[in-house]
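Colleague: I'd like to ask some things about the structure below.
The values are calculated or read from the model by the stated rules, or taken from the named source; none is laboratory data. Note that this is a predicted model, so its numbers are computed, not measured. Counting neighbours? That spans all protein chains shown, and the Cβs are built from the backbone with ideal geometry, glycine included. The accessibility values were calculated without ligands, DNA or RNA, using every heavy atom of the protein model including side chains. Shrake-Rupley method; radii C 1.70, N 1.55, O 1.52, S 1.80 Å.
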Amino acid sequence: MSTVFLVGAGPGDPGLITARGLDLLRRAQVLVYDRLVARELVQEAPIGCLLISRDGLSQEQVNELLVKHGRRGRRVVRLKGGDPFLFGRGGEEALALRRAGVPFEVVPGVSALASVPAAAGIPVTHRGLSRQITIVTGHGAGGDDGLDCAALARTPGTLVVFMGLEGLDELSAGLIAHGADPDLPAAVVSRGTTDEQEVAVATLATIAGASAGLRTPALLVVGEVVGLAEALGPAAVADRLLAAL
Ligand SMILES: C[S@@+](CC[C@H](N)C(=O)[O-])C[C@H]1O[C@@H](n2cnc3c(N)ncnc32)[C@H](O)[C@@H]1O
């Protein structure tokens with residue numbers, strides 16, 4: 001029997017958690033949650049549940065907490081943004097639990113990967129436009145393990161960059177310097193799926209300027225599919241509704 005559940009909370013809209021995740025959350029005895037998860041979800045924990053914010057804790061401290069409460073046989077929910085195994089360090093937590101002999105289960109979540117672009121009217125694949133997706137993190141991209149802009153510039157399809165807002169200037173310049181088309185459509189979706197969602201649509205050459213001032217969390221999408229945002233995004237829906245009046 002599992003005692004620790006690594007649960008994906010989804011991208012921001014509290015309605016996007018899975019039914020299994022919500023059920024476990026409502027029966028949790030200990031809840032360890034990320035800063036990015038919707039407050040409404042934290043409020044789903046039952047009265048008496050021990051609530052622990054991950055804010056200010058190191059990954060090692062989180063691992064230790066999960067092992068400690070798991071060993072006591074408590075029903076522990078580790079609520080993580082998006083999907084636990086996609087840039088979520090869920091694998092590290094699972095390994096720590098496995099090493100400690102604490103049973104656990106991973107409950108997948110709706111990742112920002114496709115849901116956040118979708119909320120802006122961008123399908124990450126589209127027949128005739130993109131049949132492959134490259135997913136990278138822009139976090140620390142300037143360091144030793146920096147992104148391979150030459151390889152990314154050569155790769156067809158859609159590029160999705162997590163945690164890329166800070167280094168956006170450098171990244172877009174790097175891609176263009178390595179041969180990417182400066183006129184490729186590009187979008188930054190900030191706080192996607194939430195009431196605070198903001199979207200900047202531009203080109204690879206202009207997206208850094210166009211998205212200045214947008215807040216994290218934000219996702220960068222580059223590729224022809226971004227062109228569909230005009231027809232499929234929330235603004236397009238609003239325009240159609242107005243036209244129908
Ligand atoms: C540490 S990663 C976690 C990703 C998560 N595990 C997932 O599957 O979506 C955090 C990054 O995901 C992206 N992200 C998560 N939620 C988002 C949202 N609502 N809107 C835009 N980007 C989001 C941002 O790039 C953010 O910096």
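Colleague: Treat the chain as a sphere of radius equal to its Kirkwood radius over Cα pairs and apply Stokes-Einstein at 4 °C in a medium of 1.567 mPa s; give the translational diffusion coefficient in µm²/s, rounded to a whole number.
Modeller: In µm²/s, the coefficient is 68.
Colleague: Running a GNM on the chain with Cα contacts under 10 Å, which residue among Val225, Val189, Val102 ends up with the highest mean-square fluctuation?
Modeller: Val102
Colleague: So, one more: Cβ under 12 Å from Ile207's Cβ, Ile207 left aside: what net charge do those residues give with Lys, Arg +1 and Asp, Glu -1?
Modeller: -2
Colleague: Taking the simple approach of a point 7 Å from Cα along Cα-to-Cβ for both Arg89 and Arg74, what is their distance in nm?
Modeller: Result for the modelled spin labels: 1.9 nm.
Colleague: So for the range 1-65, taking the charge dipole from beta-carbon charges (+1 Lys/Arg, -1 Asp/Glu), which of Leu31, Leu65, Thr18 sits furthest toward the positive end?
Modeller: About the Cα centre, the residue reaching furthest to the positive side is Thr18.
Colleague: In whole Å, what is the distance between the alpha-carbon centres of the range 1-69 and the range 80-94?
Modeller: Taking the Cα centre of each part, the range 1-69 and the range 80-94 sit 12 Å apart.
Colleague: Between Gln197 and Arg154, with labels modelled 7 Å along Cα→Cβ, what's the label distance in nm to one decimal, could you check?
Modeller: Going by the 7 Å Cα→Cβ label model, 3.6 nm.
Colleague: Given labels modelled 7 Å from the Cα in the Cβ direction, how far is it in nm from Thr206 to Met1?
Modeller: The two pseudo-label positions are separated by 6.1 nm.
Colleague: Which whole-number value in Å³ per residue fits the convex hull of the alpha carbons of the range 19-135?
Modeller: So the per-residue hull volume is 126 Å³.
Colleague: Going by the alpha-carbon gyration tensor, a ≥ b ≥ c the square roots of its eigenvalues, is the range 43-101 rounded (a/c under 1.5) or, if a/c is not under 1.5, prolate (a/b greater than b/c) versus oblate?
Modeller: oblate
Colleague: When the helices in the chain are scored as -39500 (n - 2.57) per DSSP H run of 4 or longer and the sum is shared across all residues, what 222 nm value do you end up with, to the nearest 500 deg cm²/dmol?
Modeller: Result for the chain: -8500 deg cm²/dmol, rounded to the nearest 500.
Colleague: Something else: Going by alpha carbons, how many degrees (0 to 90, nearest 10) lie between the helix axis of 90-100 and the longest principal axis of the chain?
Modeller: Here the helix axis deviates by roughly 20 degrees.
Colleague: Work from the charge dipole of the chain (Cβ charges, +1 for Lys and Arg, -1 for Asp and Glu, about the Cα centre) and give the residue of Ala212, Val222, Leu50 farthest towards its positive end.
Modeller: After comparing all options, I get Leu50.
Colleague: Given a 1.4 angstrom probe, I'd like the percentage of the accessible area of the chain that is carbon and sulfur, rounded to a whole number.
Modeller: In the chain, the share of accessible area belonging to carbon and sulfur is 53 percent.
Colleague: I've got another one for you. Can you tell me the accessible area per residue over the chain, all protein chains present, probe 1.4 angstrom, in square angstrom?
Modeller: So the chain comes to 51 Å² accessible per residue, rounded to a whole number.
Colleague: Angle between the Cα long axis of helix 234-244 and the longest principal axis of the chain, 0 to 90 degrees, nearest 10?
Modeller: The helix 234-244 is inclined about 60 degrees to the chain.
Colleague: Let me ask something else. Could you give the length gained by full extension between Arg215 and Ala235, i.e. 0.36 nm per residue of separation minus their alpha carbon distance, to one decimal place?
Modeller: Here the answer is 5.3 nm.
Colleague: Further question: Just to confirm the number: angle between the C-alpha axis of helix 59-71 and the first principal axis of the chain, 0 to 90 degrees, nearest 10?
Modeller: Compared with the principal axis, the helix lies near 40 degrees.
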